[in-house]
Amino acid sequence: MPLPSSSLIISTYNWPEALELCLLSVADQVLLPQEVIIADDGSGQETRELIERFQETFPVPLLHVWHRDRGFRKTEILNKAIKASSSVYIVQVDGDVILHPSFVGDHLEIAEKASFVRGTRARLTKGKTAELIHSRKTDLHFFSAGVYHRLNALRIPFSKNLGIRKEMRSRSVRGSNLAFWKSDFVLVNGYNNDLQGWGHEDEELAARFINNSIIKKIVKLRAIQYHLHHEESPRNLESFHTKILENTVKNKIKSCAKGYSCNSHETSN
């Protein structure tokens, strides 16, 4: 089966130094997506200028979808960015990760109808993160100093099914390493905009995928990424989000009321 057309969605908020490393690693992909879309949850001028600089020489179209800063509204900006995409397959990451050169290609080879992909990530120490931001280098590998959760940096691509298992549970899904068919995303009405703030928005999306018989593929040994160190976001709304997730699972909800189909009066770039 030919590889699907793909859009790489990168979420970001006011950390241009990390976004720069992420974009450098995207430009170095062996197999590039058809387009890259920055889902910007209200970053300031420094992020805008960084993206404009990259747009001048980036190897594929680089789009900037932005809305003004009114607090943590990641679900809304992801819905807007994916609505702006022109490909059939979505690969989604956060703007604070560095991608292995085969990251996009691995995801496209793994893609399978009626499924979505949950990847993993290795992590970088605080010192290694500072070093990479200073040097603007992205050449990381399994044996690099400053890497922990190191097994998640091990890539063994020789067998398509090695390191892959399937399950019908939404646990441990993170939007930093996630891939799905755009048509499936539209079917479930995308991210739930009622989830404002940190916590469980990716698992709740995954639960609706599963309630529509779209199976989760857990992938290791491929689609490698490295997560830059940073302090954790406030989690004051996590308990509210947990209740929404539990309701979605318990009542087998297939689509959210406020999501991808909602119109916004804000202007995106």
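Some points to look at:
- Residues located in region 126-146, provided they are within 21 Å of the chain's Cα centre (by Cα), in a loop (DSSP other than H, G, I, E, B) and of a type in the set (S, T, N, Q): THR138
- Checklist (1) buried (at least 21 other Cβ atoms within 10 Å of the Cβ); (2) in contact with a strand residue (DSSP E or B) (Cβ under 6 Å, 6 or more places away or on another chain); (3) of a type in the set (Asp, Glu) applied to GLU167, failing item: (1)
- Residues being part of a loop (DSSP other than H, G, I, E, B), out of contact with any Lys or Arg (no Cβ under 8 Å at 6 or more places or on another chain) and over 28 Å from SER213 (Cβ atoms) - total across region 85-125: 4
- Where a residue in region 46-74 is within 14 Å of VAL36 (Cβ to Cβ) and without any contact (Cβ under 8 Å) to a residue 40 or more places away in the chain and its partner, wherever it lies, is among the polar types (S, T, N, Q) and in a loop (DSSP other than H, G, I, E, B), with Cβ under 7 Å and at least six apart: VAL60/GLN34
- The residue of region 156-182 that is nearest to HIS241 (Cα to Cα), among those that are outside any loop (DSSP other than H, G, I, E, B) and under 16 Å from the mean Cα position of the chain (by Cα), is GLY175.
- The residue that is nearest to PHE72 (Cα to Cα), counting only those in region 197-213 that are among the hydrophobic types (A, V, I, L, M, F, W, C) and buried (at least 21 other Cβ atoms within 10 Å of the Cβ), is LEU205.
- Set side by side, the residues ASN247, ASN269 differ, and just one is of a type in the set (S, T, N, Q) and modelled with pLDDT under 80, which is ASN269.
- With respect to the conditions (1) at pLDDT 95 or above; (2) of a type outside the set (A, V, I, L, M, F, W, C); (3) in a loop (DSSP other than H, G, I, E, B), GLY197 lacks only one, and its number is (1).
- Number of positions in region 13-35 that are farther than 23 Å from LEU108 by Cα and not aliphatic (A, V, I, L, M): 6
- Single residue of SER43, SER7 found to be within 20 Å of VAL88 (Cβ to Cβ) and of a type outside the set (Val, Ile, Thr): SER7
- Of all residue pairs spaced 6 or more apart or on separate chains, those with beta-carbon atoms under 7 Å, a first member in region 241-264 that is closer than 11 Å to ASN193 by Cβ and a second member that is among the aromatic types (Phe, Trp, Tyr) and assigned to a helix (DSSP H, G or I) are TYR260/PHE185.
- Meets criteria (in contact with a helix residue (DSSP H, G or I) (Cβ under 6 Å, 6 or more places away or on another chain) and closer than 24 Å to ALA27 by Cα) for ARG118: no
- Scanning region 28-59 for residues that are surrounded by 16 or more Cβ atoms within 10 Å (Cβ to Cβ), outside any strand (DSSP E or B) and of a type in the set (Val, Ile, Thr) yields THR47, ILE51.
The values are calculated or read from the model by the stated rules, or taken from the named source; none is laboratory data. Predicted model, so just to flag it, every value in this text is computed and none were measured. Note that each Cβ is placed from the backbone with ideal geometry, even for glycine, and that neighbours are counted across all protein chains shown.
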